Amino acid sequence: MSAALRSVKGTRDLLPPETAVWQAVEETARRVFGLYGYGEIRTPILESRDLFARGVGETTDIVAKEMYQFRDRKGRELCLRPESTAAVARAFAEHGLANQGLPARLFYFGPHFRYERPQKGRYRQFHQIGAELIGEGGPLGDAELVAMLVRFLEALGFADLEVLVNSVGDGPSREAFREALVAHLEPRSDALSPDSRRRLEENPLRILDSKEPRDRQALADAPSMLDHLSEASARRFAEVRDALERLGVGHAVTPRLVRGLDYYTDTVFEIVSAGLGAQDAIVGGGRYDRLLAELGGPDLPAIGFAIGQDRLIDVLPESFRRGLGGAPPALVVAIEPVPALAALELAEELRRAGVAALAETGSRSLGKALRWADRRGLRAAVLLGEAELAAGRAALKDLSSGEQAALPRADLAARLGELQ
Ligand code: AMP
């Protein structure tokens, strides 16, 4: 097939009926996040490159290797957003949302872009569902946000969720830990991967994120972040855990968890579940108390998370999919000599009553039309014969049992509504 007819590498089309699943996941997000007072924010897909260079970090893989960046026709350095936290922070500052009462509770979903090697579950255009709590710096805010995330995943039918939490500390804690980590790794630098050797100079904490076996080995008896927390950070972390406990959110302290982005402070977390697969978290987040000020906005604390929607949908529990209404329930077919227009008319009558219906508008035989409806998973057919039409009735045929009964037209919508 010619390249013009092929989607760009790492991107894909989402087609019905699968898009109904995407919508239902997004509806569930809206509903659950709404219970916590969150409102939806929609930021542009195009942003200035500088926003992420400053907000995510020039040395992160995301910015250094994975960002789609280009100059527009006027030479502006732009990019396709690789994540949304920096974009939400920008919008928050740009619109002075701090003046509308704090904290701000915002959620988003939509496409994001990273130039990564495409593989199962990894795309160049992928989708995230995320939320940000801005202007609340206390530990209870952390616990509430994590609880909301857990409730969302539970509403999708995930069970046995475990929240992995860690604290990467405040400024002084990180400085102390950075020194201890460098002191541990420097004598072992020959054993590190080339990437991590470079990180040792530039950004040693990122080495903790490496999945390379040789790096993992060099890290085996490395010092723990938690032993280097300042008193304030240690107390804060204990309060977060306490609050999670009180809200009934099971969690495990995971000292190696640092998350890939540079802007995190104190709480970071990921969620795993039997269903989600443990290796590569689908959900991750953390506190980013310095980001807004670093971008030149107000100096406000914040915390957020981002869920990989593509992977989430890949591993969605069957129970959630089963609960979704799929195909319309009925196909309306006119039987010769009744014209197809009569079927179209009746289908329209049903739709006006709020019942989804298809009409056979082509010239297929009754048998062919019924087989097609059955294959498409339709529940019933409404048959409109000459005698029925004259009597103001129609025959309702249940496609799974094969049973058929004539009904007054006026009763059809209610009966089909039960099937929908
Ligand atoms: P991050 O913004 O890197 O913390 O990513 C949050 C989540 O987004 C990850 O846990 C992934 O599930 C998802 N994600 C990140 N990059 C991709 C990608 N290239 N393709 C699919 N999902 C992704």
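Some points to look at:
- Each of Asn203, Leu399, Gly34 was placed along the dipole of the chain (beta-carbon charges, centred on the mean Cα), and the one lying farthest toward the positive end is Leu399.
- Residues in region 358-363 carry Karplus couplings, in order, of 10, 10, 7, 9, x, 10 Hz; the curve used is 6.51 cos²θ - 1.76 cosθ + 1.60 with θ = phi - 60°, and Gly or Pro positions show x.
- Long-range amide H partners of Thr11 with built H, under 5 Å: Arg124, Gln125
- Here the peptides 185-192, 8-15, 119-126, 136-143 are ranked by packing, the mean other Cβ count within 10 Å, and the order with the highest first is 136-143, 119-126, 185-192, 8-15.
- For region 380-420 and region 192-265, distance of Cα centres in Å: 63
- Cα-based shape type of the chain, given that a ≥ b ≥ c are square roots of the gyration tensor eigenvalues and the cut on a/c is 1.5: prolate
- Electrostatic dipole magnitude of region 78-225 [Cβ: Lys, Arg +1; Asp, Glu -1; Cα centre; debye, to 20]: 700
- The GluC sites (Glu not before Pro) found in region 1-88 that occupy coil by DSSP, while having at most 15 further C-beta atoms within 10 Å, are Glu58.
- Ordering Leu145, Gly110, Tyr123 by Cα displacement along the dipole of region 46-159 toward the positive end leaves Tyr123 in first place; charges were set at the Cβ atoms of Lys, Arg (+1) and Asp, Glu (-1).
- Derived scalar couplings ³J(HN,Hα) [region 103-111; Karplus, 6.51 cos²θ - 1.76 cosθ + 1.60; whole Hz; x for Gly, Pro]: x, 8, 10, 10, 10, 8, 8, x, x
- Think of each Lys and Arg Cβ as +1 and each Asp and Glu Cβ as -1; about the Cα centre, that makes the dipole of region 283-338 roughly 160 debye.
- In the chain, a dipole from Cβ-located charges (positive for Lys and Arg, negative for Asp and Glu) runs towards its positive end, and of Leu341, Thr59, Gly377 it is Leu341 whose Cα lies farthest in that direction.
- The charge dipole of the chain, taken about its Cα centre with unit charges on the Cβ of Lys, Arg, Asp and Glu (plus for the first two, minus for the last two), comes to roughly 1320 debye.
- In this structure, Tyr68 and Arg351 have a Cβ-Cβ separation that, at R0 = 60 Å, corresponds to a calculated FRET efficiency of about 0.90.
- Over the C-alpha atoms of region 1-140, the Rg to Rh ratio, Rh being the Kirkwood estimate, stands at 1.00.
Read-outs throughout are calculated quantities, based only on the coordinates presented, and are distinct from any laboratory measurement. The structure displayed is predicted, hence computed values, not measured ones. Heads up, the Cβs are rebuilt from the backbone with ideal geometry, glycines too, and the neighbour counts pull from every protein chain shown.
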